[in-house]
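The values are calculated or read from the model by the stated rules, or taken from the named source; none is laboratory data. All figures in this text were calculated on a predicted structure; none of them were measured in a lab. Positions of Cβ are generated from backbone atoms using ideal geometry, with glycine treated the same way; all protein chains shown enter the neighbour counts. Just so you know, the surface numbers come from the protein's heavy atoms only, side chains and all, with ligands and any DNA or RNA stripped out. Shrake-Rupley method; radii C 1.70, N 1.55, O 1.52, S 1.80 Å.
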Number of protein chains: 4
Amino acid sequence: MKDRFRIQKKLYDIIFEADTKAGKIFDIALIILIVFSITIVMLESLPGRSEVFYSSLYFMEWVVTYAFLLEYLVRLWVVRRSLQYALSFFGIIDLLAIIPSFLGLIFTGTHMLVVFRSLRLLRVFRVLKLTRYINEASHLWKALIASRNKISVFLFTVLILVTILGTLMYIVESNEASGFTSIPISIYWAVVTLTTVGYGDIAPVTALGQFLAGLVMILGYAIIAVPTGIVTSELTKVSKDTTTQVCPACLQEGHDRDAEYCKFCGEKLNV
Amino acid sequence: MKDRFRIQKKLYDIIFEADTKAGKIFDIALIILIVFSITIVMLESLPGRSEVFYSSLYFMEWVVTYAFLLEYLVRLWVVRRSLQYALSFFGIIDLLAIIPSFLGLIFTGTHMLVVFRSLRLLRVFRVLKLTRYINEASHLWKALIASRNKISVFLFTVLILVTILGTLMYIVESNEASGFTSIPISIYWAVVTLTTVGYGDIAPVTALGQFLAGLVMILGYAIIAVPTGIVTSELTKVSKDTTTQVCPACLQEGHDRDAEYCKFCGEKLNV
Amino acid sequence: MKDRFRIQKKLYDIIFEADTKAGKIFDIALIILIVFSITIVMLESLPGRSEVFYSSLYFMEWVVTYAFLLEYLVRLWVVRRSLQYALSFFGIIDLLAIIPSFLGLIFTGTHMLVVFRSLRLLRVFRVLKLTRYINEASHLWKALIASRNKISVFLFTVLILVTILGTLMYIVESNEASGFTSIPISIYWAVVTLTTVGYGDIAPVTALGQFLAGLVMILGYAIIAVPTGIVTSELTKVSKDTTTQVCPACLQEGHDRDAEYCKFCGEKLNV
Amino acid sequence: MKDRFRIQKKLYDIIFEADTKAGKIFDIALIILIVFSITIVMLESLPGRSEVFYSSLYFMEWVVTYAFLLEYLVRLWVVRRSLQYALSFFGIIDLLAIIPSFLGLIFTGTHMLVVFRSLRLLRVFRVLKLTRYINEASHLWKALIASRNKISVFLFTVLILVTILGTLMYIVESNEASGFTSIPISIYWAVVTLTTVGYGDIAPVTALGQFLAGLVMILGYAIIAVPTGIVTSELTKVSKDTTTQVCPACLQEGHDRDAEYCKFCGEKLNV
């Protein structure tokens, strides 16, 4: 019984921590396995290869799936609260990495082929297992969270804008063979143009339409500045490396993170 | 009489305020109605559907229009100064949400079809009713207003630039079948390129033209930085670390976090 | 004689200053004339219009030209140092606004048609007369001048980058019918892609080419940040509204532009 | 023997330093030679020119190669530690500028043509010899190095994002003739769209596909802000208003402009 706990503890350290050498090796092996697994899904989608190509991918796919299944079961076993892990973000992701392959076995009839195919493609969500290894993101994340309100207001404004612009272009261009066949399509065009993507599959051909489109672009040029400004000003704020620490002598704030003495009165700070 | 005032007051709270539960329900219902109404306009523009599809949309359209009419009349009735509301931004928007449908009834002759169709499409401006619910924007708005002069100077410079670049490309490319058929079209191309949209319907084919276009793009790359810089520096300024502290003597705000004395009257601040 | 000076002085105030009412009217009239003149050049380039259309434009063109000639001569007459004005930026621009029309009269032979046509198109540079009315630009200009070195280093790096990327894509794609027919064309493609313009007239078709192109785009995505960062940090610096003023009592700097009293010791500042 | 050292020393000053007049002339001559050499490689790639055109380029190419060989040998001779130079970044670049031409002599058989051709094209890497002349970059470089972690996290996130988006679009669009023929191609499309390049060779045609694509674009619009924000905040930090003042006691730098006492040791600063 004691032995079992020791093994559990050791496996926990290997799987959930990255401090030990074995833990690091496990992490690297898992990353390689994930990337390998995604590569299989991608290669499977390539058209016109030989039968051997697809069947060897199918075989490797099952090897990978059982490896992920093993990883999931071991994780469930070694954590103290299995249910909590199973319901956590990474628990669900780990489960989603296995399920599609097994569910695929159920839908074997030919009329189920579309469901089967889509299910197998969902294996690409295994890529989310990699998010476990993003630590540095917290800083960026904080800035994005902080500017959440401003960005949603901005996106809301953009949505109102593209609705109006799309309809105006539809009024102007709908009689031409330029692709503005309905308002939703025209709004799609407005999004493509305002974001400066510009595929060119839909493009105005009348003089008035091109004039309007030019205005939309210059507008897009000017408002592309807004989200950038928001995030930058947030990031600058977050990374302004002053602490909220107060000098015990003169009670002044605004000390740098590396300050040991108050820059206003020379008193030692309580670092 | 007193009853009427009480109803008026209650309706005012529901319609214009969002503090009460009824007010919140009204707001959500109105938002759903607006989105539903816009969806109708969009669906109507889809080509090649059945007769039933269009006529049921036409019916729902009138339901929505009468709902907006009712809302407009109630708003007029419950506000203290009806005329002031009617002439305000939202008063006009609310009126514009109803008028096109009724005006459409007048232009029924077949030769009026274009006017009729355009009028009905203008109903998409109902989307502006949603702007009532953007509050957070004030902060962004302030930054945009503050950088108004710089942005208009920037746009003015861009206009001068595209005029010259468009004409140069017209001189270089007008003999080729690359789409530079007139100066206005060439200016349109310059806008499309400088804003990095790049449809590709008009693109240089001569070596000199492509060289010039390359310069235009790198220029665009460099000057895309300018509006972003303007808005960011404005947003950073607005969100600067001034406290909301009020001077006890002159009652002015806007003091820096490290200020000990009021910068306007010299009074000691209560830090 | 005294009369002549008085007229000269009065005309100077009208033409060069915008303080008086007459000066403002002159400015607006000149702006309208410039815009009208540019419009003529643009309309002339439209293909397939009637003979009357082109000849009436030709007539109006000469009216505008003589108006600009008159303006130029009056400016020369009323300034104290005529030569200095004639050699200044705006003196040259004002001259360039007239010359092409008159030079056009010399090249009348049919084999001179190309020169004649190009000359007439150069009239579009009249748009530069509008730069006289950009005042606010000084602020932006200062930021751009200050970041001149960094921007040229950046552009230099981009040039080295597109040369290498273009050549690599030429090696990979030159055997396909994807438009990479020579290294200069491939470099043109690299510029089009790195600046996110993306016409689509030249696009990779091989797997390796598309992989490389994807890398170029993500690279472009990352380095589009650099010029923006440069200009923003420069603009933030310029617009940081603190003066270099020193408090006469405590000798501290960092006072806001609107400060009247030292924020550190409360002493009155010498504003 | 003494003479040899004197010549070596003099050549070193000319080649490695830019202080003397001879040194400046050498630098300019070398830059011209590099640009000339790159131009030759580019011109060689132009198709359909006369035999004389290619053979004269071939001749000039050898002249340039021997010039670079001479430069390399002299550099090896004049530096004190030849091996250290040979293994340094610029030593390798200088060697790479010569090798391809000579290696080309080995692969002369017709079946070696592809290798031969690729080798000759690698001469374009000579452009890297120009990086010797970028000094100002250090400032930008510092900001990029400092934001290295954040940018790689960002790129990692983008990679996960395009994998998922590409697969979703493949599920939605793979039955249409819109170019989404496999997952790798769809991921390539996601990169092209998210970076706002937008070639248009692959573009969604189904309503659901276009809706998804619209979301991708607005997402791209919002996250283009992130790298810009990172670099800008880094650049702003680097150029922050710290003085170059040195603490008289602990000799450390990096004090804020408003500091009166050293923040590291508490000593009074000489303001």
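Numbers below:
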{"quantity": "Candidates D:162, D:197, D:192, filtered to the one that is more than 7 Å from every other protein chain (Cβ to nearest Cβ), within 32 Å of the chain's Cα centre (by Cα) and open to solvent by less than 10 Å² (accessible area, probe 1.4 Å)", "calculated": "D:162"}
{"quantity": "Residues located in region A:165-188, provided they are β-branched (Val, Ile, Thr), more than 7 Å from every other protein chain (Cβ to nearest Cβ) and open to solvent by 30 Å² or more (accessible area, probe 1.4 Å)", "calculated": "A:172, A:185"}
{"quantity": "Residue selected from region D:85-108 under the condition among the small types (Gly, Ala, Ser) and under 14 Å from residue D:37 (Cα atoms), by the criterion modelled with the highest pLDDT", "calculated": "D:97"}
{"quantity": "Leading residue by the ranking (nearest to the other protein chains (Cβ to nearest Cβ)) among those in region B:200-212 that are small (Gly, Ala, Ser) and over 32 Å from the mean Cα position of the chain (by Cα)", "calculated": "B:207"}
{"quantity": "One residue from C:46, C:119, C:105 being in contact with a Gly (Cβ under 8 Å, 6 or more places away or on another chain), without any contact (Cβ under 8 Å) to a residue 60 or more places away in the chain, within 30 Å of residue B:182 (Cα to Cα) and not hydroxyl-bearing (Ser, Thr, Tyr)", "calculated": "C:119"}
{"quantity": "Exclusive hit being of a type in the set (Asp, Glu) and at pLDDT 90 or above, set C:71, C:44", "calculated": "C:71"}
{"quantity": "Subset of region C:23-34 [without any contact (Cβ under 8 Å) to a residue 40 or more places away in the chain and open to solvent by less than 60 Å² (accessible area, probe 1.4 Å)]", "calculated": "C:23, C:26, C:29, C:33"}
{"quantity": "Residue list for region B:59-86, filter: of a type outside the set (A, V, I, L, M, F, W, C) and open to solvent by 90 Å² or more (accessible area, probe 1.4 Å)", "calculated": "B:66, B:80, B:81, B:84"}
{"quantity": "Residue D:117 being under 19 Å from the mean Cα position of the chain (by Cα) and of a type outside the set (S, T, N, Q)", "calculated": "no"}
{"quantity": "Any pair with Cβ under 8 angstrom, 6 or more apart, that starts in region D:67-79 at a residue that is free of Cβ contacts under 8 Å to residues at least 40 places away in the same chain and ends at one that is part of a helix (DSSP H, G or I)", "calculated": "D:67/D:33; D:72/D:94; D:72/D:95; D:76/D:82; D:76/D:85; D:76/D:86"}
{"quantity": "Conditions (1) under 25 Å from the mean Cα position of the chain (by Cα); (2) farther than 24 Å from residue A:164 by Cα; (3) at the interface with another protein chain (Cβ under 7 Å from one of its Cβ atoms); number of the one not met by residue B:147", "calculated": "(3)"}
{"quantity": "Residue match in region D:114-129 (condition: open to solvent by 50 Å² or more (accessible area, probe 1.4 Å), at pLDDT below 80, β-branched (Val, Ile, Thr) and not assigned by TED's automatic domain parsing to the domain that holds residue D:225)", "calculated": "yes"}
{"quantity": "Any hit, region D:195-214, residues being free of Cβ contacts under 8 Å to residues at least 40 places away in the same chain, closer than 30 Å to residue B:229 by Cα and part of a helix (DSSP H, G or I)", "calculated": "yes"}
{"quantity": "So residue A:209, is it open to solvent by 10 Å² or more (accessible area, probe 1.4 Å) and within 30 Å of residue C:194 (Cβ to Cβ)", "calculated": "no"}
{"quantity": "Residue in region C:49-59 that is closer than 19 Å to residue C:132 by Cβ and in contact (Cβ under 8 Å) with a residue 12 or more places away in the chain present", "calculated": "no"}
{"quantity": "Every residue from region C:225-237 that is facing chain D (nearest Cβ under 7 Å) and either surrounded by fewer than 23 Cβ atoms within 10 Å (Cβ to Cβ) or of a type in the set (A, V, I, L, M, F, W, C) (or both)", "calculated": "C:225, C:226, C:230, C:237"}
{"quantity": "Any hit, region C:5-22, residues being within 14 Å of chain B (Cβ to nearest Cβ), open to solvent by 70 Å² or more (accessible area, probe 1.4 Å) and out of contact with any helix residue (DSSP H, G or I) (no Cβ under 7 Å at 6 or more places or on another chain)", "calculated": "no"}
{"quantity": "Residue A:17 modelled with pLDDT under 90 and in contact with a Lys or Arg (Cβ under 8 Å, 6 or more places away or on another chain)", "calculated": "no"}
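Results for (1) outside the structural domain of residue B:98 (by TED's automatic domain parsing); (2) open to solvent by 50 Å² or more (accessible area, probe 1.4 Å); (3) among the polar types (S, T, N, Q), shown as yes or no for each residue.
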position: B:36; (1), (2), (3): no, yes, no
position: B:41; (1), (2), (3): no, no, no
position: B:50; (1), (2), (3): no, yes, yes
position: B:54; (1), (2), (3): no, yes, no
